[in-house]
Structure formats: C-alpha cells, structure tokens
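Q: This structure is in structure tokens; I'll ask about it shortly.
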Amino acid sequence: MHNPACLLLFLYLFLTHPILAQNDMFIYGKIPREDLDMKVYSADTAAAAVVLFDYGKITFQFPNGEPHANFERHKRIKILKRAGFGQGDILIPFYRLGSIKNLKAQVMAPDGKVTEVPKKDFFEEKVNDNWSRIRFAFANLCEGCIIEYIYENKIPYFFTLPEWHFQEDIPVRWSEIQLEVPSWLEYVYIYQGRQPDINEKEHRLQSLAISGVQGSVYYEPAEVNCIRMVSKDMAALKKESFITTMDDYYTRLRFQLSGVRFPKQPYKPIMSSWEHVAKELIDDKDFGEQFTKKGNFKKLWESAGAVLAGATTPEEKTTALYQFVNSVFTDDGGYGIYARKDLDELFEKKSARRAEMNLALIALLRRAGIEANPVLTSTRDYGKPVPLYPILDQFNHVMAVVEYPDKPPVLLDAGDPFRPVGLVDVNSLNATGWVVHSEKPHWIDIQPVGVNDTYFGSFALDEAGNLDGNIQLSADGYSAASRRASYHKAEKNEYWKSEFNKRFPDVSVDSLHLEDKDGQMKVRETFHCNLPAYAQVSGDFIYLSPVFYSSFFENPFKLEKRNYPVDIPYPFKERIVFDLKLPPGYRIESLPESARLALPDNGGRFQYTVSLDGGRIMLNCTLSVTQLHFEPGEYDGLRSFFGMAVEKFGEQVVLKKM
C-alpha cells in the first residue's frame, strides 16, 4: 500500500518526450452516453459521486513585460446518489488583483437535458485582504446527472502557481495537469503521494509575445518546458478522526519559483537560503521590526510594567508577561505570520491574531531581558512544513520560544488564557517549527505536553440500582485547559451534569470544589454525584459496569480500513478507579476478567483489573497511548486495541441476592 503522506520532492529534468494533444473527453458539453447511463462507479460501488475528469493547464503571458500565470480548468462530476448533491456547491478562489474569466457551468440530466447556470448566479465574495472567490450552486440536480464547469484564472504574478490535487474525498477517474513554462522561470516542483500514471515532458522552442508600453508587442524566442501529468482511478480519501489536514494525505503537486533568467539578464535566485530568509524577516517592518524597534510597542511596554513588579526570575517574568498578553488581547481569529498593524495600534484596539499576540510577547520578553525568538510553524489544518526548501508560504502561524540559561527552551503560544506557559494550541502541534534568528536560524521539534487524567469514584449501590458517592479527579495538560474553558462558560456543576447526562439522564451533581492555581498545568476537582438507575436490577440479580466514566466509551477509529496515517496530537493517559460498596444482602456472582493489552513497541497500554476487597468492589483501569503517528499498516492493530478496551468497558459485574 502506498503512503499518501510520503513526500517526493524533486526538480524536474526536462526530457524529450512528446506531449500528447488534449483529449477529446475535455470538450465542454460533449458527454459520452456511457457516462450519462452510469448507475454505479465500478471502482467504488459505494461512491455517491465521482470526478469523471479534472483538467488543468498553466501557461504564461507577459503584459507590460512581466510574467503572469494563466490557469485554465475544466471539471466534470457524475452524481450517483442524493448524498453526492453537495458536489454541486462550487467555490473558486482567486487572488484579489486577479480575475476569473470565461466561467461557464451546466447540468446534464440522464435524458440529455441541459440546464446552464446563469451568469447572475455567479457570486463574487471577499475572503480576506488578499483573496476573493466565486461561489455558485448547480440547480436541478438529480441522481444520474452530470455537472461540469470551466473557467480561466488570470493570475497577476508568477512566484507561486495554483497547486493541483489529483485526489479528493470522492473517487477521481481522471486527473490531468499540463504546464507550459518558459525556461526563463525555474520552479521547484513538490510532489506528494502516489506516482502519476502518465508523466510526460518535453521542451520546445517558441516565440513568446511580450506586451510593452502603449500596447506595443514584440516577440522573444524562448525554450518552453512542457509537462503533462495524469493520475487515473484515484481512490476517495474520507476524513476521519486523528489527522492533521487532508492536504497532508491527498496526492497533489505544488510549485514554488526558485530563480529567473530573463533574456540578456544574469540568473537571479529567488529561493535563496534559510539564513537569508531569516535576515529578511528580522528586517521586515511587519515582522522583525515589530519586536526590535521599541517605538512599535512603547505603550504596550509601559502597560506591562506593573505585572513585572513582583517577578524576579526569568521564569516568573515569562509567566507574568504571557498572562498579561492573554489578558489585554482578544483573539481576532485567522492566521498569518505578519503583523497587520504596529503592536501599539493592536494594543489600543485590544484585539489581535494569535501570531500578532506572540510577536507582542516576544517584544516584551526581549525588553525584559529574556532571550525570545519567533518560531514559524504550519498549523495542523494547514499542512506539514517542508524543511528542504525555504518557502515562507508553507507557514501560517508564529509562536515564541524562550531560551533559559541551563534549561530546555520553552514554547509559548498566546491567545488562550486557559492554557499555561508551555502548552501551545493543539492546532500548533504539527511536529516542527522554524526558529527565526538572524545569526542561527534552525528547525526545532514541537514536543507536545501529554494529557494525564485520573477519575476516582467512591460509591455505594442500593437495592434499586442507584449509585451515590463522591468523585475525585485530576486533569493535566490539554484536558485541564479544556476544563477551565468549560467552567468559564457555564456554572461548574453543570459541566459534569452534562457529561454524565449523556448516559444517565437523571443524574445530579453538587458540592463541586475546584483547585486550580494560576499558571499550573493541573486541575483538581471533587464533587458529589447521584446516578439513578445506574445498575440494572432483574429479580435477584444486579448488573453494572464498574467503568463509571471514560472518554473512550466508543472506538474513535470506526473505518474498517484506512489509507492514510493516524496523527494523534499529544500523548494521553486515562486512569479510572472505582470503589463500590455492595448493597446489604448481596454477594458477587461474577466479575469481569482482568486484561492487559499493549501496542507494539509500547506505543500504547491498557490494563483492567476488578477485584473484591471485603464488601467492596475495586476497579483499576488505565488506558494510555504514547505513540503519536501510525502508518496505514499499523491501523488494524490500533483499531483493535481501542475496540478491545471499549469491549472491556462494557463488561459487567453481576451481584446476586443472598
């Protein structure tokens, strides 16, 4: 089985092979009868829709002597079931200074009737300061119909090109990308996933039309590198739990300009080195100058002075400034590595993106004499970074790293007042980050803090099957941060009432006591809990599960097969201790058997023991996972591991009346 997450990075060597002419299948509106008659896609009989073909072509034009990319696209989709109607909602993103031209879209019913999407139903929307999109929806969808659309994306730049996905969440019968790139432009091609079925290259000599001032045109001979890549019968990849982003697993092709060599000019490298990029970032007014020039954060620093009054050690100062930043800013949402405004302007507005908060934190830490540097990273939902090439577009977030003398560095990620120092946002846990340092930029591993939860319940059971007692618990790491946030939104007793209410509708919770010290990873709680009808009473017998609470009553891995890896964001351990006093006049009829399970190389462990101690039943159960990445070949074992744990959670103690 191929590994879709495995990256193959290479610079194409252009060989001499003929590029095939465009296939007749790509003629707009010319749909073969056999496609209209298709009832089931033979390669995936469960598919609700299938991409019949997705064709793209990238060429270049030269208005005013500057290279501009032109992206043509034609896509055709067969709708097989009502569940596939969502494929009829289309979004076409484009750079705000560019434009979408020659957009056409139509639906063809199984009987051949055509319904065109009118131009008035194409809506242009602003996404952010840099991007817009065209949105439209196909009408008159029915099972068996075929939708198709075609357009040109006029791109007013050439540094990056639209990436191409050969794979989607529905099957793709044919995906083809063609490029015609003048040799003046040198790109790095970053290919990920299954190798293409067709990979053709050639170079040929052409005369390129160059538009000059006042509409003049002249022609320049150039060698054009032509590429054609085709993937056939690509399987659908469905999103499941414990992934980064599906873009890490889809077969796709990305581009980045590495250098230019225009006629009669020397070669100019565009993609230089990480060291050069770091120096440029430090000198950038929207990045490095935000924390190196004191004038950009003068008001912010003056306001932070009070919180440093009682802080003496570097660790105390770091915690104080981290909490200060979290208290004076609210999260604007969104990502980006540059500050949109000077830090003092953001401070006056009292809101910022998390990356901007971290730039502010770096400024304050440095002003306080603490060595702090920015860390560029790609969030889990943005895709894994590629250290091989210094490409800034692969980053979408900034964190901070603090270097203490004689201590390990500590990552900071402001934006959530419920996360302490050292606990970065879960979305930032994407394996690696790049430290921006003017002299020694380098990559670091982002080591996640684990979750360690313990639930201890001491209960008494009555003859009617009602459970009453006290619960003590401790939550550590991300679990504790989540608990703090939940308590901030609702009355404390309501959190646990809603948690138990999922299985026991008549639950009551009271007398909650919370122990949560500022800046600590751990939260401790105790409360009284009454669970009516917890056990099932049948004649002289009482049946109950000793697992009164867990985050894993269901297997998180439901797919029988998985074609891409499992990426768990952080290690976790859950321990359940159940101490039960039997009702008077009852004895043990049977207890669940003890169990011990382990994943290979101790990647996970499960231990389950139930015993009788005098007149009390004692359960001790621990479920832990320390391995964070599992290849598709390891999936069956991982799924079985959780499946057996869930099965044990459902096993029951049987009591019998004496």
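Q: At what distance in angstrom do the alpha carbon centres of the range 80-146 and the range 272-325 lie from each other?
A: Using only Cα atoms, the two centres lie 46 Å from each other.
Q: Could you put K78, K201 in order of accessible surface area, largest first, with the 1.4 Å probe and the full protein assembly present?
A: K201, K78
Q: Ignoring ligands, DNA and RNA, what accessible area per residue does the range 100-235 give at 1.4 Å, in Å²?
A: 47 Å²
Q: For the range 450-512, give the magnitude of the charge dipole about the Cα centre (Cβ charges: +1 Lys/Arg, -1 Asp/Glu; no others), in debye to the nearest 20.
A: So the dipole magnitude of the range 450-512 works out to roughly 400 debye.
Q: Right, here's the next one. Leaving ligands, DNA and RNA out of it, report the carbon-plus-sulfur percent of the accessible area of the range 208-356 at a 1.4 Å probe.
A: 51 percent
Q: Ok, one more. Which one, A139, G433, L237, projects farthest toward the positive side of the charge dipole computed for the chain from Cβ point charges (K/R +1, D/E -1)?
A: Farthest towards the positive pole: A139.
Q: Now a separate question. Run the accessible area of the range 411-523 with a 1.4 Å probe and give the carbon-and-sulfur part as a rounded percent.
A: For the range 411-523, the apolar C and S fraction of the accessible surface comes to 45 percent.
Q: Take the alpha-carbon centre of the range 37-56, take the same for the range 550-612, and report the distance between them in whole Å.
A: Between the Cα centre of the range 37-56 and that of the range 550-612, the gap is 41 Å.
Q: Just read off the accessible area of I150 with the full protein assembly in place, 1.4 Å probe, to the nearest 10 Å².
A: 50 Å²
Q: Over the range 578-658, give the accessible area per residue in Å² for a 1.4 Å probe, as an integer.
A: In whole numbers, the range 578-658 has 49 Å² accessible per residue.
Q: Calculate one ³J(HN,Hα) per residue across the range 121-136 by plugging θ = phi - 60° into the Karplus curve 6.51 cos²θ - 1.76 cosθ + 1.60, and present them in order as whole Hz with x for glycine and proline.
A: Computed from phi, the couplings for the range 121-136 are 8, 8, 10, 9, 10, 7, 8, 7, 5, 10, 10, 10, 7, 9, 10, 7 Hz.
Q: Continuing with the same structure: Please report how many Lys pairs in the range 122-269 have alpha carbons closer than 28 angstrom, counting only residues at least 8 apart along the chain or sitting on separate chains.
A: Number of lysine pairs found: 9.
Q: Using a cut-off of 27 Å between alpha-carbon atoms, which lysines can reach K113, once sequence neighbours fewer than 8 places away in the same chain are excluded?
A: By straight Cα distance, K113 reaches K30, K39, K75, K78, K81, K101, K104.
Q: Taking Cα atoms, how many degrees apart are the long axis of helix 635-650 and the longest axis of the chain, rounded to 10 and kept between 0 and 90?
A: Once rounded, the angle reads 30 degrees.
Q: To the nearest 10 Å², what's L36's accessible area with a 1.4 Å probe?
A: About 10 Å², ignoring ligands and nucleic acids.
Q: Under the Karplus relation 6.51 cos²θ - 1.76 cosθ + 1.60, θ = phi - 60°, what is the ordered set of whole-Hz ³J(HN,Hα) values for the range 110-116, x standing for Gly and Pro?
A: Coupling constants for the range 110-116: x, 7, x, 6, 10, 10, 8 Hz.
Q: Right, something else. Run the dipole for the chain about the Cα centre, Lys and Arg Cβ at +1, Asp and Glu Cβ at -1, nothing else charged, and hand back the magnitude in debye, nearest 20.
A: Here the chain has a charge dipole of around 820 debye.
Q: Continuing with the same structure: About its Cα centre, how strong a charge dipole does the range 272-313 have in debye, to the nearest 20, once Lys and Arg get +1 and Asp and Glu get -1 at the Cβ?
A: 280 debye
Q: Something else: State the Cα centre-to-centre distance between the range 180-212 and the range 381-448 in whole Å.
A: With the range 180-212 and the range 381-448 each reduced to a Cα centre, they are spaced 35 Å.
Q: Continuing with this model, one more query. Please work out the average accessible area per residue across the range 378-491, using the 1.4 Å probe convention, and give it in Å².
A: For the range 378-491, the per-residue accessible area is 39 Å².
Q: Expressed as a whole percentage, what fraction of the accessible surface of the range 50-99 belongs to carbon and sulfur atoms when a 1.4 Å probe is rolled over the protein heavy atoms?
A: Within the range 50-99, the accessible surface is 44 percent carbon and sulfur.
Q: Let me ask something else. In a shell of Cβ-Cβ distance under 14 Å around P632, excluding P632 itself, what net charge do Lys and Arg (+1) and Asp and Glu (-1) give?
A: -2
Q: Within the chain, what percent of beta bridges assigned by DSSP are antiparallel, to the nearest 5?
A: 90 percent
Q: Find which of G112, H513, Y549 sits farthest along the positive direction of the dipole of the chain, computed with +1 on the beta-carbon of Lys and Arg, -1 on that of Asp and Glu, about the Cα centre.
A: G112
Q: For the range 194-238, build the charge dipole from Cβ charges (+1 Lys, Arg; -1 Asp, Glu) around the Cα centre, then report which of N199, A222, G212 sits farthest towards its positive end.
A: So the residue we want is N199.
The values are calculated or read from the model by the stated rules, or taken from the named source; none is laboratory data. Given the structure is predicted, the values throughout are model-derived calculations rather than measurements. Cβ sites come from the backbone with ideal geometry, for glycine too, and all protein chains shown count toward neighbours. Please note that ligands, DNA and RNA were not included when accessible areas were found on the heavy atoms of the full protein model with its side chains. Shrake-Rupley method; radii C 1.70, N 1.55, O 1.52, S 1.80 Å.
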